[in-house]
1. For residue 530, state whether it is without any contact (Cβ under 8 Å) to a residue 60 or more places away in the chain, surrounded by 18 or more Cβ atoms within 10 Å (Cβ to Cβ) and of a type outside the set (D, E, K, R).
2. Condition first: hydroxyl-bearing (Ser, Thr, Tyr), under 24 Å from residue 114 (Cα atoms), modelled with pLDDT of 95 or more and surrounded by 18 or more Cβ atoms within 10 Å (Cβ to Cβ). Can you find one or more residues in the stretch 188-197 that meet it?
3. Please go through the stretch 1-53 and pick out each residue that is assigned to a helix (DSSP H, G or I) and over 13 Å from residue 83 (Cβ atoms).
4. Mind checking which helices (runs of 4 or more DSSP H) fall wholly inside the stretch 243-358 and carry at least 2 residues that are within 16 Å of the ligand (Cβ to nearest atom) and surrounded by fewer than 16 Cβ atoms within 10 Å (Cβ to Cβ)?
5. If you check 40, 36, 32, 72, which single one turns out to be within 12 Å of the ligand (Cβ to nearest atom) and either within 39 Å of the chain's Cα centre (by Cα) or under 24 Å from residue 131 (Cβ atoms) (or both)?
6. Does residue 613 qualify as being small (Gly, Ala, Ser), at pLDDT 95 or above and on the phi > 0 side of the Ramachandran plot?
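The values are calculated or read from the model by the stated rules, or taken from the named source; none is laboratory data. Bear in mind that the values here come from a model prediction, so they are computed numbers and not experimental data. Positions of Cβ are backbone-derived with ideal geometry, glycine not excepted, and every protein chain shown enters the neighbour counts.
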Amino acid sequence: MVQVTSMVDYENVDGVAVLTLDNPPVNALSQGVRQGLLEGVARAEADDTVKGVLIHCKGGTFIAGADITEFGSGPLEPDLRSVLVALDNAGKPIVAAIHGTALGGGLETALCCHYRVAVASAKLGLPEVNLGLLPGAGGTQRLPRVVGVEKALQMVTTGVPVSATEALEAGLVDRVIEGDLRTGALAFTREKIAQGGTLLRIRDREDKLQSAREHPEIFDQLRKAIARKTRGFLAPEYNIRCIEAAVKQPFDEGMKTESKLFKELMTGPQSAAQQYFFFAERQAGKIPDLPKDTVELPIARVGVIGSGTMGGGIAMNMVNVGIPVTIVEVKAEALERGLAVIRKNYENTARKGRISQADVEQRCALISGSLDLNELADCDLVIEAVFEDMAVKKDIFSRLDGIARPGAILASNTSALDINEIAAVTKRPESVIGLHFFSPANVMKLLEVVRGAKTSPEVIKTCMSLAKRIRKTAVLVGVCHGFVGNRILFYRQRQAEQLALEGAPPHQVDKVLYDFGFPMGAFQMSDLAGLDIGWNAKTSRGATVKDRLCEMDRRGQKTGAGFYDYDENRNPTPSPVAEELFAEFAAKAGISRREITDEEILERCVLPMINEGAKILDEGIAIRASDIDVVYVYGYGWPVHRGGPMHYANSLGLDKVLARLRHYHELTGDDFWKPSQYLVALAEKGDRFS
Ligand code: 3H9
């Protein structure tokens, strides 16, 4: 065995040169791997006793792509494209042996081998679109030549990898290996050596392109089909253009198109934001003050209190991964309704073909309902999901404290209330934590894990890893009203309403936010959530526009009207009623109304979010700025191609953000606009959120 570079070993195994890559954790194509591949192949070519080459990887995976950490530091020789040219032009058969994932540059490397074999559990894909990129080392030109144009389009625009079986069917792998991969792949390589004959390169194949040449309309059909989902993102369109180039241009020209478009994306702000977010998401799981040896508690059974929308969604998350759940309700009808909604949700999913009817039955069988809190005695975790009323929550927690087994975790799904106050009614505040799921809880990826002053490290660790188990991204936050997400949202909402008072109609405000990339604007979001959250019919005195709307029974989408009017399919139209109310309130407050530009609307909605984010960092409520961004992208639909509010602030420049906050502070004299001291300090040092 020879070490070619610190990341690549070379061994001549009876005439097969085995190149073993070892670059943990994911065998990314760092400089040492590229250099090793280049030199390894050259060595194999030069050795007459070598008849074929096998590339395989140590550790848990084949190459998972280019080394994203290298992207910012400029090109280091040799570049991936020239390494792949050497593979493509080799005169001896090269076989890629795939386990784990072959992603991005990893799959592009495999596509420059003459053959690919994989274990059954392997996954193969080109996920660059998720980083705001396209495959930049020939993937867009080679993949359609192997799997056909439609499949390639689907893979590059969604970024979703295919299984080894699908890859075998599509011709992307030549054999699925049972048993030991290295042994099976070596045997396969020897077979191919024995067969002899001309070596076929993917770049020379044209057969799978023919159908798209006859039906060029498929490109526009796809553009139309994904337009809504990919709104605002450049990368999906650029990926389509590259595959179009594969169909319309000779291979070398297609490669030039790919290279040009790759560079455009790589140097643009969207890819910078999406690469940043890739690491932000992974960073969120790291809790600096959690001792390494912290023990994780077992979670084998979960209790959920409340069978409403939130309780039901939370229960679904658990049973989806096989954790049995007991749901406790106060009234039998409510429990029945809740259980029926869960079944209906699963049946809808089965109808769409995403799960089988057997899955529906299996998941529903894991849920039991009860009207008795005592049924939760043997649960390892109980999540309270009743309405937002401190007195009710305290009552539940003090009763639960006497019922739950010692050591069981008691969690509240509150979206704003003080976890410490709730914990204080129990004799085990160290076991109390906030688990703030987002609605719909079975769909939204975010989980705000709220640590109380006394929450133990074991409980935090257990909840963070439970989040992974149920496929959520967890962000650990501290206690304050609204935690990270809702606290920041409150500031955007306040400005949205202020803008409507000053003369910007709700639909204008919403359109600006929608065009920025949010799935909906502030008023549409309020209508969706229900305007009556926190509203009380008995005590309402029409003090705000919202109160007045609720008094008119315009409580949002569910009543067919709110800030907007809705048709039977819940399509909104601007409502003269809401606009007149804003005009009336403005007149009463002596606010003179005017036309407001879209630029001002955007600034006034987004700057307060950044400012509040800075205060949250200053107070230590969030561990790091990127955690706030993860909360915003996964919990509130902040467009990931803009990174999140804190990344966005960095991209604007904190000096500019500060100057505009000061401008509004001076203009209005309202402390709402007072810049956070933390932001001032960073901006004055020429620093950024990090
Ligand atoms: C590309 O290939 C461009 C080319 O077309 C052309 C170039 C010319 N680089 O996710 P995990 C780190 S673009 C560097 O927690 P999992 C990650 O940060 C690339 N680092 O594990 C983490 O570090 P830490 C196309 C990487 O098992 C650790 O590995 N490829 C890379 O849940 C573990 O990661 C992709 O987009 C990387 N490429 O999932 C694939 N990938 O421990 C991106 C991971 O310090 N990667 N790290 O926090 C993934 O999707 C997942 O990481 C993977 C493993 C599925 C592989």
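1. Against the criterion (without any contact (Cβ under 8 Å) to a residue 60 or more places away in the chain, surrounded by 18 or more Cβ atoms within 10 Å (Cβ to Cβ) and of a type outside the set (D, E, K, R)), residue 530 does not qualify.
2. yes
3. 43, 44, 45, 46 - these are the residues of the stretch 1-53 that are assigned to a helix (DSSP H, G or I) and over 13 Å from residue 83 (Cβ atoms).
4. 251-266, 269-283
5. Residue meeting the stated conditions: 72.
6. So residue 613 fails the test.
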